Amino acid sequence: MATELAVHKFLQEDRTWQLKANCLGVDPDLFFPERGASTREAKEVCRGCIVQQDCLEYALTNGEKFGIWGGMSERERRRIRRSRALARRSGGAATA
Ligand code: SF4
């Protein structure tokens, strides 16, 4: 049942933003560097991407734990998730 719900959710999501991604055709390995390797090149690709915010929200919503999404590393996204969780708990709005 959980799998069916996950598949249903996956099919319902609007991912048309991916068609406008700067990283289309770019080597995916660039966005999933080995631990400790530079993320600079991937972030350069993201910097000019018009769907950067959609990408970041997708990663945050879906709990993407690995890789560069929306121009942010795993650590940077964790920081945003924590900040949002704290804001939710305190009834305020997070800034990122
Ligand atoms: S923000 Fe970066 S990873 Fe996300 S779609 Fe754009 S280029 Fe690709």
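The values are calculated or read from the model by the stated rules, or taken from the named source; none is laboratory data. This one's a predicted model, so the numbers in the text were calculated from it and none came from an experiment. Here the Cβ is made from the backbone with ideal geometry for all residues, glycine too, and neighbour counts use every protein chain on show.
Overview of values
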{"quantity": "K9 at pLDDT below 95 and in contact with an Asp or Glu (Cβ under 8 Å, 6 or more places away or on another chain)", "calculated": "no"}
{"quantity": "Pairs, first over 14 Å from G71 (Cα atoms) in segment 12-35, second of a type outside the set (S, T, N, Q), C-beta under 6 Å, six or more apart", "calculated": "W17/V51; W17/D54; K20/I50; K20/V51; V26/V45"}
{"quantity": "Entirely in segment 18-96, the helices (runs of 4 or more DSSP H) that have 1 or more residues that are within 11 Å of the ligand (Cβ to nearest atom) and touching a Phe, Trp or Tyr at 6+ places or on another chain (Cβ under 8 Å)", "calculated": "40-47, 52-61"}
